[in-house]
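Notes to accompany the following structure.
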Amino acid sequence: MPRHPGDDADAAQLAALGHKAELNRNFSPLAMLGLAFAILNSWTALSASLSLALPSGGSTSVLWGLITAGICNLSLAVSLAEFLSAYPTAGGQYHWVAVITPKKWMALLSWITGWINVSGWIALVASGGLLGSQLILGTISLWNPNFVSQRWHAFLIYLGYNIVSFLVNAFMTGLLPLITKSALIWSITGFAVISITILACASPNYSSASFVFTEFRNDTGWPNGIAWLLGLLQAGLGLTGFDAVAHMIEEIPNPAVEGPKIMIACVGIGIGTGFIFLTILLFVAGQMDGPDGVLSSTAGPLLQILYNATGSKAGATCLLLFPLVCLMFATIGITSTSSRMTYAFARDRGLPYSRFFAKVHATLDLPLNALYLTQVLVVIFGLILLGSSAALNAIISASVVALGVSYGIPIAINCLQGRRKLPASRPFRLPSWLGWIANLIGLAYVIVTTVLFLFPPELPVTGSNMNYCVVVFFIILVISVVQWFVDGRKNFTGPQVNVDELQAGVVAGMDPVMSSTQRQDLSSDDGKELK
């Protein structure tokens, strides 16, 4: 497979961070933007998960919750873009934590961050198939009102989504850049086609502006303020996962410059397209309650809104194909990223049997064993579908909370040390005052959502509607703690240095954005080690 002309310099930069370049850099910046946008897929994720926010704050939660979460996630994105610009490796957050943390705590905090990040991405893989299964079952209900879906129906469709994703990632990896570009085009086309069609069909019977922008409702049993904050989960899902750029960064040229641009752009595009699309949906939504109401429909809020707007089951189903395919693209992209994150953590001895999961398949040019592990864990994670009526809330909460915590840890450590731990020579650098504002807004959001998104979605709490995100996190915590004492504290020392690649010895502490020419000059200086 051909490699980009800039790969020599990029490989040297990666070597300076302690790793040998093993993955082909076959993603262009546009293809990587397509991958990042396909993963966020904000307008699709936000519309497919309307059931999270409409009962928990109504229209105010849907729209103004998106703006609130958007500002906070954009703050997190620009904060992490500084790290990515300085340390462009697939490890992402756990690698950044290792670099900026005092030596005494480096290994432990890097270990914790890595486990949380890996878990969050596996949960995010699960969310794509889950949302897709709900849309498909809703379509069956629209055409056959007597159909009663079972949890195992959703589980089988969920498996189908993830099997297709696995096959594409395992055997079509060379086509992934083309697939991600196609995902970007398909998503933008779907956004435009659905928006224009439903506005034209619903005219002039639109909802009032007061309903769209100020309607509040609370069907959760929680106090109004808490209910509205719980509704932020929908917006959190639509804007999380932007660290995908970091975990795929070893597969694009000029990563220190292009990576931060892509990370920030995908969040900004997500906020803009998401707000416009949700506003349009609310204007054509029709009634909320009753036999044909959006919230009471067995077809699900999104499909019911499309049906209310078009007045045609066939038309609504055709329009739904756009988000269904978008979710398939998203699942493929998330699986790619999750497998790279797992591979990177195993490469640094963070997982059991790390040597096995860190292997890159010689023929397929991808971390196939890490991909296998991701798929097995996604299937196990999906078993929540069989046991809980609140599976959507639990799985999405797990992904949003875990990823949010992994974003917050490196930012918090850097802030506690006066924002002085990143090299001044990094290509992307926020002004000091703006950096502090972005860091503190992002951290406040992570703290609030980490607590709230573990709450059950409604009261009173029962065995079937409780938020099993708590159980998932407890299991992850137990496994990671046991693994730390069994293996981690002896073998995990943070990101590893690849001496063979460097030829000049250890490079820990070298300015990571130093040019390859400067590195060569230093490495030839009297045969000294680079300290």
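The values are calculated or read from the model by the stated rules, or taken from the named source; none is laboratory data. Keep in mind that what you see is a predicted model, and the values were worked out from it rather than measured. Quick reminder, even Gly has a Cβ in these numbers, built from the backbone with ideal geometry, and neighbours come from all protein chains shown. Remember, those area values only see protein heavy atoms, side chains included, never the ligands or the DNA or RNA. Shrake-Rupley method; radii C 1.70, N 1.55, O 1.52, S 1.80 Å.
The distance from the alpha carbon centre of the range 100-159 to that of the range 210-232 is 25 Å, rounded to a whole number.
Sorting ILE441, ILE409 by accessible area puts them as ILE441, ILE409; the probe is 1.4 Å, largest comes first, and only protein heavy atoms count. Ratio of Rg to Rh for the range 22-509: 0.96 [Cα atoms; Kirkwood radius as inverse mean 1/r over pairs].
The calculated FRET efficiency for the pair LEU440 and ILE479, based on their C-beta separation and a Förster distance of 35 Å, comes to about 0.60. Label separation (LYS103 vs VAL470): 4.2 nm, computed from points 7 Å beyond Cα along the C-beta direction.
Taken as Cα centroids, the range 60-91 and the range 423-480 sit 12 Å apart, rounded to the nearest whole angstrom.
Relative protection proxy for 128-136, 54-62, from highest mean packing down: 128-136, 54-62 (other beta-carbon atoms within 10 angstrom).
What separates the Cα centres of the range 233-295 and the range 326-340 is a distance of 15 Å. Rolling a 1.4 Å probe over the protein heavy atoms of the range 166-238, with every protein chain left in place, gives an accessible area that is 72 percent carbon and sulfur.
At the residue level, LEU74 shows approximately 60 square angstrom of accessible surface with a 1.4 angstrom probe and all protein chains present. Which distance in nm do the two modelled labels at LEU321 and ILE276 give, with both placed 7 Å along the Cα-to-Cβ direction? Taking the simple label geometry, LEU321 and ILE276 are separated by 2.3 nm. Largest accessible area first, the listed residues GLU250, GLU458, GLU258 line up as GLU458, GLU258, GLU250 when surface is computed with a 1.4 Å probe on the assembled protein chains. If I take R0 = 41 Å and measure r between the Cβ atoms of VAL486 and ASP365 in this structure, what FRET efficiency does the formula 1/(1 + (r/R0)^6) give, to the nearest 0.05? Between VAL486 and ASP365 the formula returns 0.80.
The simple Förster model, with R0 at 25 Å and r as the Cβ-Cβ distance, assigns ARG151 and VAL376 a FRET efficiency of 0.75. In the context of the full set of protein chains, the range 22-509 has a per residue accessible area of 36 Å² (1.4 Å probe). Highest-first packing order for the peptide set 113-120, 366-373 is 113-120, 366-373, based on the mean count of other beta carbon atoms within 10 Å. Can you work out the PRE-style zone for ILE67? Point 7 Å along Cα to Cβ, and I want the residues of the range 266-280 with backbone N under 18 Å. Correct set: 268-280. Annotation for PHE216 and VAL451: the two label points, set 7 Å from Cα along the Cα-Cβ direction, are 2.0 nm apart. Protection proxy ranking of 309-316, 232-239, by the mean of other Cβ atoms within 10 Å over each peptide's residues and highest first, is 232-239, 309-316. Taking HIS247, HIS361 and ordering them by how much accessible surface each has at a 1.4 Å probe, largest first, produces HIS361, HIS247. On full extension, the segment bounded by ILE163 and LYS313 gains 51.1 nm, given 0.36 nm per residue less the C-alpha separation.
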